[in-house]
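Asks: Questions regarding the structure given below will be posed in turn.
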Amino acid sequence: MNPILRFHGAAGGVTGSCYEIETRAARVLIDCGLFQGSKSEKELNYGAFPFEPASVDAVVLTHAHIDHSGLLPKLVKHGFRGAMHATSATIDLCSVMLPDSAHIQEIEVEHLNRRNAQRGRPLVAPIYDLDDAMACITLFKAAGYGAWSQVAEGIKARFWNAGHLLGSASVEIEIDQEGDGRPLRLLFSGDVGPGHKLFQTGPEGPSDIDYLICESTYGDRDRPEMSREKRRSLLAAEANHAVRAQGPLIIPSFAVERTQELLVDLFLLTQAGTIPNAPIFVDSPLATRASAIFERHAGEIEQGQVLRQALNSRDIRFTETVEQSKAINRLSGFFVVIAASGMCDAGRIRHHLKANLWRKNATIMMAGFQAQGSLGRILVDGARRVRIQGEEIEVRARISQLDLYSGHADASELVDWVKARRPLRHTVFLTHGEQSGIDGLRERLSAVLPPETIIAPELDQAFELSVSGADAVELNRTRRLAPEKIGRLDWHNDLSRLLLDVTETVNRAADEKGRAALIRKLRRALDEIES
């Protein structure tokens, strides 16, 4: 039996990374991440896995970000008992990120069930709880960069620094072939870091690969040439705009690494007098705990000593309690809030947005990629009104995006990284990208690789891998989600937009009589549909 490679996530979209390798003797997962973005995609988190968790022998984890690790506790909850292989730093980060994910789910489900009870709707259960997350952490097994590990019968794995995040890795896999043939070699890129990362060195990897599974997040765009100094000057411009507006600078940010990078840059800007001293609130318990891990690993990363100084600056204040978090928005004038989540879909950032989006003197600065369907993307795309936790909020704040803190390589950097992996004997599978990113990277790679060897797999699609090439395998079940519904706005987004438009149109009517006429027209339209 030739190995089968299945794509259970990050296929046509940027979240839910999960790839399955099945051989005659073993079954191994590369990542097992949470889906984010539209509600249609997030609903996949609640459904059954497209495989039996108890049948999986091992997991190899590229890094700790939730879109790569966030369903590991669910895997354990439903019967997985094998080892989870990761770098030591990834294990340290997962030890705080996975319990935090469980806590967020429990809180959000509690709020949702309160609303469901009021509306007569059925109650729901969280995807997993804190006990599942803690059970998951006990299964981790540490491995260093460059050392081979036997992860299952006939399957070895080796980590290469991906330059994306503390502990992040590209995963090289060797699968024994029957007889004395050369092992089949696969490389999973994980998330490949850019050249300008503050804490990370450039991404690495092996050459002479049979099959490459490569991310394509920024496959359709090149960033302007950027130095750390230039990036700080652009951050300073955003901060000083908020100073002149006499309002807050609110930064939705991933709690892990991006928050710490922002803290270093803000610290250096205040030290240089480029921006005024002001309170900088890190309003994320996860970011607080992650910062302690970064400080512990400071000797392993670039700029580690500066990070230590920043974390101990008197301007930087870590909040813990909900009461402390809510008190921040009673302040006036200029201050900075960094809060998770980075795409505004969960966490304390949502109540900061509720408190500030309607303020003309507030600045909301997105510091990274915003997936299609996420609240962050909706704001970046210019929404005038949004709904947050069931409430309608007018957007009067200044919305900006400083996409220079991204942990992802741009198109040119991805092409260079792929070229360094040559010779590539067979197929390059493009994953972890929206359609524009996949199409852009495919076009660029077609200039250096045979176009027919570049494939963009769909969700749950499977391929048989041999020494002569990859062949698609027939699916024996219905796809969990149609390809055209991944990485795109869904009906939930459309409904929310419609409700906001209806409210705005009714409110614009000249008087009570005009509003009543509009409502009658809407009612007649609904009655016609129902009849």
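The values are calculated or read from the model by the stated rules, or taken from the named source; none is laboratory data. If you're wondering where the values come from, they're calculated on a predicted model, not measured in any experiment. Here the Cβ positions follow ideal geometry from the backbone for every residue, glycine too, while neighbour counts run over all protein chains shown. Note: accessible area is taken over every heavy atom of the protein model, side chains too, but ligands, DNA and RNA are not part of it. Shrake-Rupley method; radii C 1.70, N 1.55, O 1.52, S 1.80 Å.
Asks: Can you give the helix-only mean residue ellipticity at 222 nm for the chain, where every DSSP H stretch with n ≥ 4 adds -39500 (n - 2.57) and the sum goes over all residues, rounded to the nearest 500 deg cm²/dmol?
Replies: Estimated from H runs of four or more residues: -10500 deg cm²/dmol.
Asks: For the chain, give me the percentage of DSSP beta bridges that are antiparallel, rounded to the nearest 5 percent.
Replies: Of the beta bridges lying entirely in the chain, close to 50 percent run antiparallel.
Asks: Placing unit charges on C-beta atoms (Lys and Arg positive, Asp and Glu negative, everything else neutral), compute the dipole magnitude of the range 451-531 about its Cα centre in debye, rounded to 20. Don't skip to the end; give the middle numbers.
Replies: Details: 13 positive and 16 negative charges, 141 e Å.
Computed charge dipole of the range 451-531: roughly 680 debye.
Asks: Under the definition of Cα pairs under 8 Å and six or more residues apart, what whole-number percent is the relative contact order of the range 191-324? Please list the in-between numbers first.
Replies: Working: 100 pairs, mean separation 35.0, N = 134.
Averaging sequence separation for qualifying contacts and normalising by length gives 26 percent for the range 191-324.
Asks: Still on this structure, please answer the following. Carbon and sulfur: what percent of the range 49-180's accessible surface (1.4 Å probe)?
Replies: 52 percent
Asks: Quick one: which residues, 5+ away or cross-chain, put their amide H under 5 Å from the amide H of ARG27? H built at 1.01 Å from N.
Replies: Placed amide hydrogens put ASP57, ALA58 under 5 Å from ARG27.
Asks: Loop-only check: which chymotrypsin sites (Phe, Trp or Tyr not before Pro) in the range 27-113 are DSSP coil with at most 13 other Cβ within 10 angstrom?
Replies: TYR46
Asks: What's the long-distance tail for the range 56-146, i.e. % of Cα pairs beyond 19 Å?
Replies: Value for the range 56-146 (Cα pairs over 19 Å): 43 percent.
Asks: Taking all protein chains in place and a 1.4 Å probe, what share, in percent, of the accessible surface of the range 404-512 do carbon and sulfur account for?
Replies: Taking all protein chains in place, the range 404-512 shows 51 percent carbon and sulfur surface.
Asks: Further question on the same structure: Could you report the range 64-156's accessible area per residue, 1.4 Å probe, as an integer in Å²? Intermediate results must be reported in sequence, preceding the final value.
Replies: Working: 4170 Å² over 93 residues.
Roughly 45 Å² per residue, with all protein chains present.
Asks: How large a share of the accessible area of the range 189-315, in percent, is made up of carbon and sulfur atoms when the probe is 1.4 Å and the other protein chains stay in place?
Replies: 46 percent
Asks: What is the diffusion coefficient of the chain in µm²/s, taking the Kirkwood radius over Cα pairs and the Stokes-Einstein relation at 10 °C with a viscosity of 1.306 mPa s?
Replies: Using the Kirkwood radius from Cα pairs, D works out to 65 µm²/s.
Asks: Whole-Hz ³J(HN,Hα) for each residue in the range 135-147, computed from phi via Karplus 6.51 cos²θ - 1.76 cosθ + 1.60 with θ = phi - 60°, x for glycine and proline: what do you get?
Replies: 5, 4, 4, 5, 8, 6, 9, 7, 9, x, 5, x, 9
Asks: Of all trypsin sites (Lys or Arg not before Pro) in the range 86-195, which ones are in loop regions per DSSP and have a Cβ with at most 15 other Cβ atoms within 10 Å?
Replies: Those that pass, being in a loop and sparsely packed, number zero.
Asks: On to the next question. Quote the relative contact order of the range 428-531 in percent (integer), defining contacts as alpha-carbon pairs under 8 Å separated by 6+ residues.
Replies: Relative contact order comes out at 17 percent.
Asks: Suppose all protein chains stay in the model; what accessible area per residue would a 1.4 Å probe give for the range 326-388, in Å²?
Replies: On a per-residue basis, 33 Å².
Asks: Once phi is turned into ³J(HN,Hα) by the Karplus curve 6.51 cos²θ - 1.76 cosθ + 1.60 with θ = phi - 60°, what whole-Hz value does each residue of the range 342-350 show in order, with x for glycine and proline?
Replies: Rounded to whole hertz, the list is x, 9, 6, 8, 7, x, 5, 4, 5.
Asks: Per residue, how much accessible area does the range 161-223 have with a 1.4 Å probe, in Å²?
Replies: On the way: 1590 Å² over 63 residues.
Computed with neighbouring chains in place, this is 25 Å² per residue.
Asks: Given an 8 Å cut-off on Cα distances and at least 6 residues of separation, report the relative contact order of the chain as a percent.
Replies: 18 percent
Asks: Also: May I ask which residue of VAL337, ASN361, THR90 lies farthest towards the positive end of the charge dipole of the chain, with charges of +1 (Lys, Arg) and -1 (Asp, Glu) on Cβ and the Cα centre as origin?
Replies: Farthest along the dipole direction, towards plus: ASN361.
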